[in-house]
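Undergrad: If you scroll down you'll find the structure; I have some questions about it.
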Amino acid sequence: MCLGHWGWCQPFVLLLPSPSLQPFSSSLPCFALKLVQWWEGQKEGCVLEVDVNGEEVFLVDKDVLAPFCGRIKDLAGGERLAGAARQTWRVVLQGFPGGAEAFELVARFCYTSGGGGVAVTASNACALRCAAQFMDMAATEVSTAPSLVKMAEKALEEMPQWPWQSVVDAVKQCQRLLPLAESTGVFDKVVGALLSHMAIPGDATPTSSSPESSAFRFSCDTKSSCLSMRCTSRTWWFEDLVVLSPVMMERVAKALLAKGTDHDVVCRFLFYYLKCRIAGANAADKKAMLEAAIAVMADLDRSSVSCKGLFGILRISSPLKLDAAYHASLVSMIGHKMDHATLDNLLVPAPAGTSSLYYVTLVLKFLDAFLHAGGEHDEPELARLKKVGKLMDLYLAEVAPDPSLRPAKFVELATALPAAARDCHDSLYRAIDVYFQVHTRLTDEEKMKICKGINYEKLSPECCKHLARNTSFPTRAAVQALASQHTVLKNLLRGVPDQQLKPVATTSDDGDDHGDLGGGADQVVLYARRLDLSLESQNLKSLLDGMHWRVMELEKVCSRMKTQMSKMKSTRRGAAAGGRRATARSLPRMCS
C-alpha cells in the first residue's frame, strides 16, 4: 500500500501495530501517532526506524527524541545524520523493558515536549522507570523540561498507598523488567510496598482470595498433605504471589528475608508455592522451582524448615537431576536435621542402573553433614547423637538383608557414628548377624572388618551368649567378646565389697580343680555367692554361664584337634615303620 498522494511511498506495513499487542487505552491510537511521526520526519528531520525487541517497528524523528534520550543521540550518530535529510536509519533495541507499549509512551513523552501527553500510573510506573533508564533519560538538554525518570520515581514513592492488587501487578511486571528493575531500585520499592501491605491483618487487607479459599492445605507433597494450615493474618498473601516465576519467587523471598520477614512464614510460603505449582508442571519447570526453593531455604534458620518437607523435596527432585550445588545444599540441610528423620525418610531407592535396593551412599552423606553441623541446634549434642544412633540401628537392620549391599558400604554404615552414639550395641550385633546370614560367602577377614563396629563391652549378656553359640561369626570375634566381657566382669566385681564375695573353684573335664580361668596377673576369679545387688547378680550369672559354655566348646575343639593330630602322627609313624620292616626282611634276626 502506498501513500502516493503525499508525495512519497513507503511500505505501510511498518506503521501497523503487531496483532499480538493491545494499544494503551489512555493513549491516542497507535496508527495516528506513528503517522504523525512519519510525516514530521519526512518534512523536517532525519527518520529513525526503531525496531523494539522484534515486536514492532517505529518511525520517529531523531531530532525530537535525541534531546530527551541519550541512547538515541549516541546510536543515531548526530553529525552524520544532520547532513543526511530525508534518509531513514534503522536502530534495533533488543531487551527494551516494557516492550513496544513502553517505547510508545517514551516517544509520546518526547513528542509532547516533556510529558504533557503521558500519565504515569500504577500500571506503567515500573515499566516507564526502567525504560527511561534504558534510554538514558535521567538528564535532559532542556533544563525546564520535566524528566521521565523523576516522574516515574515520584509515582513509585507512593506505591505503599497503592491498592494491594496494584502492588501485586507491579511485582508481576518486575518479572519482565529484570535486571533493570534491580539496578534502578524499582524492585526494592515493590518489596517495600509488599511488606507494608503484609503488615496489615489479612481480614483488613483487600485481596483477590475469596473467603471460601481462606483455608487451604499446604505441603510439598502434591499427593498427600503433610501439614494443615488455616489462613492467618501472616499468610493471607500466599495465594496472590504463587503465580510468580521461579526466578522472581526466589528474588522476592530473599528480599523479604533481608527486610526482616519471619523465617517460618517465608518457609511456609515456599512449600505452598511448590504444592500449588509442581502438579502438572513439566520436568524443566519443576527443576527450576525446586532449585529456587532450595536456594532460599539455605538462608533460613534450620529450625524453621521441617525435616519431612526437605525429604519431600528430595523425593520429588530425585528423577530431575538437580545441579550439583543445589543437591549438595539439600543434602546438607537434611543432614543438619538428621535427628528429626524417620526410618521411612531414609529408605530412598537406589538410582537407576545400580543393583542395590537402597541409596546407602546418600545416607552416608547425610551422616557426614550431621557430624559436621557443629552444634547449631538448641538440643544437647549428645542427645541428638544418640537419636541418630538409634535411627541408624534401624536402618542397618533394614538394609542388611540386601544381597547386593557390598561389605565396604555396610562397614561404613556401621562405623560412621562415634562411640558415644550408642549405649548398647545389641541392635548393631543383630543387624550384623542378619548380614552374615544373607552374605554366606564372606571370608573371616571380611567378617572381622565388619565386627570392628561392635563394642563387645556394650553387649548385653544375652547377646554375648548368642554370639558365643553363633557359628556365623568368626571364632576370633567370639574370643574378643569373651575378653571384653572379662573386663566388664572385673569392673562389676571391683565395685562389690570383699565380704560379699566368696571364691569357688571350677572343675575341668579332666577332674583337676582350677581356681581361675587361666594363669597370669590378669586372671579373673569366679564367685558363686549371690550378690545383694539383684540386677548385677543376674547379669553376672548369665555372663558366667555363657563364658563357661564357650570355654567348654573351645576345649572340645582343642581335644578333637589333638586327636586328629595324634592319628595323623600314628599314620605317618606306621608308614615309616612298614618301610623299615620291608628293608629288614633280608637281614638276619639278631635277637629273639
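The values are calculated or read from the model by the stated rules, or taken from the named source; none is laboratory data. These figures come from a predicted structure and were not determined experimentally. Here Cβ is always computed from backbone atoms with ideal geometry, including for glycine, and neighbour counts include all displayed protein chains. Areas reflect the complete protein model, heavy atoms only, side chains present, ligands, DNA and RNA absent. Shrake-Rupley method; radii C 1.70, N 1.55, O 1.52, S 1.80 Å.
Undergrad: Do any residues in region 455-470 that are assigned to a helix (DSSP H, G or I) have Cβ atoms under 7 Å from those of residues that are acidic (Asp, Glu) and open to solvent by less than 50 Å² (accessible area, probe 1.4 Å), where the two are at least six apart or on different chains, and which pairs are they?
TA: Cys463/Asp426
Residue by residue, here is whether (1) surrounded by fewer than 17 Cβ atoms within 10 Å (Cβ to Cβ); (2) closer than 30 Å to Phe410 by Cβ; (3) within 13 Å of the chain's Cα centre (by Cα) holds:
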| site | (1), (2), (3) |
| --- | --- |
| Leu270 | no, no, no |
| Ala324 | yes, yes, yes |
| Ser332 | no, yes, yes |
| Lys337 | no, yes, yes |
| Leu346 | no, yes, no |
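Undergrad: Being of a type in the set (S, T, N, Q) and open to solvent by less than 40 Å² (accessible area, probe 1.4 Å) is the requirement here; does Ser306 meet it? Give the steps one after another, and end with the answer.
TA: On the way: of a type in the set (S, T, N, Q): yes; open to solvent by less than 40 Å² (accessible area, probe 1.4 Å): no.
So Ser306 fails the test.
Undergrad: Sort out which residues of region 404-445 are open to solvent by 50 Å² or more (accessible area, probe 1.4 Å), part of a loop (DSSP other than H, G, I, E, B) and closer than 18 Å to Ser460 by Cβ, and write them in order of number.
TA: Asp423, Cys424
Undergrad: Here's another thing I want to ask about it. Is it the case, given these coordinates, that Glu157 is of a type in the set (D, E, K, R), more than 19 Å from His197 (Cα to Cα), open to solvent by 20 Å² or more (accessible area, probe 1.4 Å) and under 41 Å from the mean Cα position of the chain (by Cα)? Reasoning before the result, please.
TA: Numbers: of a type in the set (D, E, K, R): yes; more than 19 Å from His197 (Cα to Cα): no; open to solvent by 20 Å² or more (accessible area, probe 1.4 Å): yes; under 41 Å from the mean Cα position of the chain (by Cα): yes.
The answer is no for Glu157.
Undergrad: Which members of region 314-352 meet the condition of being hydroxyl-bearing (Ser, Thr, Tyr) and in contact with a Leu (Cβ under 8 Å, 6 or more places away or on another chain)?
TA: At the first step, the residues of region 314-352 found to be hydroxyl-bearing (Ser, Thr, Tyr) are 317-318, 326, 329, 332, 342.
The answer is Ser317, Tyr326, Thr342.
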